[in-house]
Each structure stands twice: as structure tokens, then as C-alpha cells.
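The values are calculated or read from the model by the stated rules, or taken from the named source; none is laboratory data. Since this is a predicted model, take the numbers as computed values, not measurements. As a convention, Cβ positions derive from the backbone with ideal geometry for all residues, glycine included, and neighbour counts pool all protein chains shown. These area figures cover heavy atoms from the full protein model, side chains too; ligands, DNA and RNA do not enter into them. Shrake-Rupley method; radii C 1.70, N 1.55, O 1.52, S 1.80 Å.
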Amino acid sequence: NGVNAQQKQQQPAPQQKPNTKGQPSTQNPVPQQPRQAVSQTPRPAPPKNNGFITELWVVRHGETPENKTRTIAGQNASGLTPMGVKQAGKLAERLRGMRFHSIFLSDLNRTKQTADPVLKALPSGIPAFTDTRLREKGAGQYEGFKIGYIEQMTRYSGMPHRLFRPPGGESWEDVAARSRSFMKDVLERHCVLTNEGVNDLRRVAREHREKIGQGDQPPSEEDDVKKVLIITHGGFISEFLSSAVGGIPNSSKNCSLSILGIKMMHPRSPPHFWLKLSNDIEHLSAIGAPVPAPNVHPPTRTTPQPQSTPDFTGILLPPTKAAGRDSPLVPAGGTAGAER
């Protein structure tokens, strides 16, 4: 025990670390590497697949002889008057250089003649198609009669206005059905974008800016907006827009422009519609057409839908080929053979 006590006495006491907290170090400091400057170049925002906007630019054809005489054109082969040709030219000036994703038009002669100067004013390479679903309401044996004759015969028949079908013609419900069919295809093809699709939109927008000498311009929100041009007829426009927002009268002016905005989150979500512009003819002021104030509708998340408006939720199916649909565009001047 005495030896152990002696060994303990000989062991040096453990050194306690000095409290250097808050005191400057006496050792040589380790040289600090200079902090590299963080790049201030903004990174491009990743594409957000949280619902991109599609705009449908809907145009009525130019003036026809039947428009001047107030007779029913239906689905006849009538072309444009000299005033109608001027109207189409002014429309082309308004749309000149615009970047549309695709173009659809009725296969009737008056819409083809309206489209001719427009196609020449747009950038090359935009796919254009004729579609029989975009035709005017078929009047059958009543083509060539005065406007209002079909309404008179409807009253004589005792049938509901929207169900009356002239001999060899169509009812308004027939037109509504094909307008909804076309709307379904538009939603499926043009209103749901994957990240890859968004990148394609932005690439096309960038290439377009370079072509027109604005390659140094920064991207804009418009780059994420897909625009589709539709050239059709007054009766179809009424039914087509009503299928989305409801209550659009059959009163479109010749070569007027309406813009329908559509936003969708994913293929099975309900589309949100709003009418951004309706029945606007500002571009026709130079040729003496009366120009009322355009009906501009600010965007809203959703537009209240009347009970009769179809529900487009969950019915987006792959497009089917049918006779007369997606026919390659042929030059105007052919014959085709609706109400105005």
C-alpha cells in the first residue's frame, strides 16, 4: 500500500486546458481561403406543369353576298364580296407575324378565302387543317330564303327552337354537338402540357424572336401561352363559345375576333374558361366599319357554368379519325356545299 501511494505521488497531475474562450489565439492562424463570389446570374426557372394557358383566337369569315342581302347561306359554296376580301386583308394585318401553334378552319369556301391572306401574313410552318365540324348550321332546303324564315317555320311546327331541323338541314342542338366534339379535341391536343411540351413552347418562342430580330429580348409570360387560330362561322362561334362560358348570342360580325382563354392543371382536371375578348372589329376601322368598344373580359379562375353547359372533365380521349376531320388545308377557291 505504501508503494502504491508513492507511485501516485510521482505521477504528474493532468494539465488542464486553459480557458481561451473569448481570448485571441497565440498560435499561428490557419490561412483562410478567400470566399468565392456567388454568381448573380439567375438560373432559368424550371418549367412548372401547374396549368398553362391556351388561347383560342376565333374569327368569323368576311362578308358574303348573303350577308348583304340578308339571306340564309347555310353550307353553300358562296365566296366573299369585295368588301369581304378587304376585311380579310385587314384581319391579316392585325394577325401579321403572330405565332400560332396550329390553325383550324371550316372547309366552306368563304372561310378558305378569309384564311388565304391570313396564312400569307403568318410565319411559315404553322400546320393548318380544314374540319367539317366548323361548318355553319346546315339550312337544307331553306338555303337562299330570307333571314328569319327558319324561325317562322319553327313557330309553325310547334317544336322547341333548338330542336327544329329544316328539311335536309340541322338543328341548333346538332351544331352544339359538333362544337362540343371539336372542343374536346382542342382540350386534349392543345390544353394539357407536359414539361417537355412547355420547353418546346419556349424554344419556338425564342426562335420566333430571333427571326424577327428580337433575339436579345428576355423571355416573357407570353412564351408559355399556346395560341390556336380558328376561322369559322357566326352560328358555330355562338355554340362553340357557349359550350365554354354560356350565353353567347349568334351576333358575330364579319371578320370579328374573339379570344377564349383555357387553363387546365392535368388531363383529368376541369378546364377553366374565360372570354378575354369578344366580337372585336377594331382592325376594320380603316375601311369604314363601325367599331364599338371591344368586350374585354378579365381572366378569372373559373366562370360560372349554366346547367346546360357540358362538363368536359375526365372525357379527354385520344383523337379519333373521322371523315372530314383534320383534312390537309387546300387552297381557297374550291366549292363546298349553312345559316349565315
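Of note:
- Residue within segment 106-125 that is assigned to a loop (DSSP other than H, G, I, E, B) and of a type in the set (Lys, Arg) present: no
- Residue 141 vs. criteria surrounded by 21 or more Cβ atoms within 10 Å (Cβ to Cβ) and modelled with pLDDT of 95 or more: no
- For segment 234-286, a residue qualifies if it is among the small types (Gly, Ala, Ser) and closer than 21 Å to residue 114 by Cβ, and the qualifying residues are 234, 235, 238, 251, 252, 256, 258, 278, 285, 286.
- Number of the exception - residue 76 against (1) within 26 Å of the chain's Cα centre (by Cα); (2) open to solvent by 30 Å² or more (accessible area, probe 1.4 Å): (1)
- Check on residue 113, touching a Pro at 6+ places or on another chain (Cβ under 7 Å), open to solvent by 30 Å² or more (accessible area, probe 1.4 Å) and modelled with pLDDT of 95 or more: no
- Hits in segment 88-102 - residues which are at pLDDT 95 or above and in contact with a Pro (Cβ under 7 Å, 6 or more places away or on another chain): 88, 89, 92
- Tally of residues being small (Gly, Ala, Ser), surrounded by fewer than 20 Cβ atoms within 10 Å (Cβ to Cβ) and over 25 Å from the mean Cα position of the chain (by Cα) across segment 159-183: 2
- Close pairs (7 angstrom Cβ cut-off, 6 or more residues apart or separate chains): more than 20 Å from residue 139 (Cβ to Cβ) in segment 175-191, open to solvent by 50 Å² or more (accessible area, probe 1.4 Å) and not aliphatic (A, V, I, L, M) anywhere: 185/319; 188/319; 189/319; 190/101
So that you can scan it fast, the table gives a plain yes or no per residue for (1) farther than 25 Å from residue 130 by Cα; (2) surrounded by fewer than 24 Cβ atoms within 10 Å (Cβ to Cβ); (3) modelled with pLDDT under 90; (4) touching a strand residue (DSSP E or B) at 6+ places or on another chain (Cβ under 6 Å):
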position	(1), (2), (3), (4)
233	no, no, no, no
236	no, no, no, no
242	no, yes, no, no
246	yes, yes, no, no
259	no, yes, no, yes
270	yes, yes, yes, no
282	yes, yes, no, no
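- Qualifying positions in segment 127-161 - aliphatic (A, V, I, L, M), within 23 Å of residue 182 (Cβ to Cβ) and touching a strand residue (DSSP E or B) at 6+ places or on another chain (Cβ under 8 Å): 128, 134
- Residue check: residue 124 meets all listed conditions (1) more than 19 Å from residue 227 (Cα to Cα); (2) open to solvent by 50 Å² or more (accessible area, probe 1.4 Å); (3) among the polar types (S, T, N, Q) but one, namely (1).
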